[in-house]
1. Anyone know which of 354, 93, 160 comes out most mobile in the 10 Å Cα GNM of the chain?
2. How high is the relative contact order of the chain, in percent, counting Cα pairs under 8 Å that sit 6 or more residues apart?
3. Can you sort 324, 156, 199 so the residue with the fewest Cβ neighbours within 10 Å comes first?
4. Using alpha-carbon pairs under 8 Å, 6+ residues apart, how would you state the relative contact order of the stretch 100-243 in percent?
5. Stokes-Einstein at 10 °C, 1.306 mPa s, Kirkwood radius from Cα pairs: D for the stretch 117-186 in µm² s⁻¹?
6. Using a Förster distance of 25 angstrom, determine the FRET efficiency expected from the C-beta separation of residue 51 and residue 16, and round it to 0.05.
7. Among 88, 175, 133, which one shows the highest mean-square fluctuation when the chain is modelled as a Gaussian network with alpha-carbon springs under 10 Å?
8. Can you tell me the 0 to 90 degree angle between the C-alpha axis of helix 323-349 and the longest principal axis of the chain, rounded to 10?
């Protein structure tokens, strides 16, 4: 006698709950859509199960400070944060992070002198390497801008949406400031040490529209003849540059903001970064027949199968406007939520809430415990 838990069993139970026994009333593909909607988007907001909690890891790149969090695969992340095996400080407060790691702009004056044109200008910044700017997520910290195609993600963002870290400025004949900012160095393979320069008012950041380049490692800056500055820099006016130099090392702190991780110090080489994260479950495949032989046709936890059936049925009732049936079966849905949560609750009850004294109570004396002495 088999134990029910596959997608086929979930479909059958949904049909029994909703009173739709044949495919003329609702197709298997429609049921699969309801099941996946509840499984992917509702379940994790109702229950944060221990079985969906993973160790998330990524590898740093030298001279790359910002890393995107794959928010389409993971819901949330949490401490502890480890880099190269060393535990570090993890926060979501930009105030706390930048209080510890102030990124003060260095103002280098008279890097060049205006000659009454928009360009070209060439100069080298003296303090380097330089912290690059970055884009928000989406499109991604160092995702190159590509002309928009219907059905694809929008990557060509206005320059005002860039989190720039380099500001080059001068004045025109009217005394008005004219500026260029960096895009962080975007490449199809990730971060590039060669960044592009744009006017903060540019509506597009396509490479073809770039007004110049900056090398974050050598400090070499090249401003084009056309397009260069948006307006000609007046003759004799000094051109200034504000930027943030750094010394690369093993990262010790990280701040999570706008679905991105900002590391500091900036990595000098590859390190393994790890922390905990809740992962979205894998959606069921919408094809028949559904068997236990295919791992994508079975819930991540087998005991979820009844919960998924009641959750999908609840959505079917909602779309049909059958509020009476919704209220009739809600207690059974809530019962399944409680039952499925028991595994996580029982797992957590074997260990009390951690405090700064936890290790002092949990181990023996040195050299058999983690501490140099007993308490």
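1. With Cα springs under 10 Å in the chain, the top fluctuation among 354, 93, 160 is at 354.
2. Numbers: 742 pairs, mean separation 103.2, N = 375.
Across the chain, relative contact order equals 28 percent.
3. Details: 324 9, 156 15, 199 19.
In increasing order of surrounding Cβ atoms, one gets 324, 156, 199.
4. On the way: 369 pairs, mean separation 54.5, N = 144.
Relative contact order, the stretch 100-243: 38 percent.
5. On the way: Rh = 14.2 Å.
So the translational diffusion coefficient is about 112 µm²/s.
6. Numbers: r = 27 Å, r/R0 = 1.07.
That gives a FRET efficiency of 0.40.
7. Looking only at 88, 175, 133, the largest GNM fluctuation is found for 175.
8. That works out to roughly 70 degrees.
Bear in mind that the values in this text are calculations on the coordinates, not laboratory data. This is a predicted model, so every value here is computed, not measured. Glycine also receives a Cβ, built like all others from the backbone with ideal geometry; neighbour counts cover every protein chain displayed.
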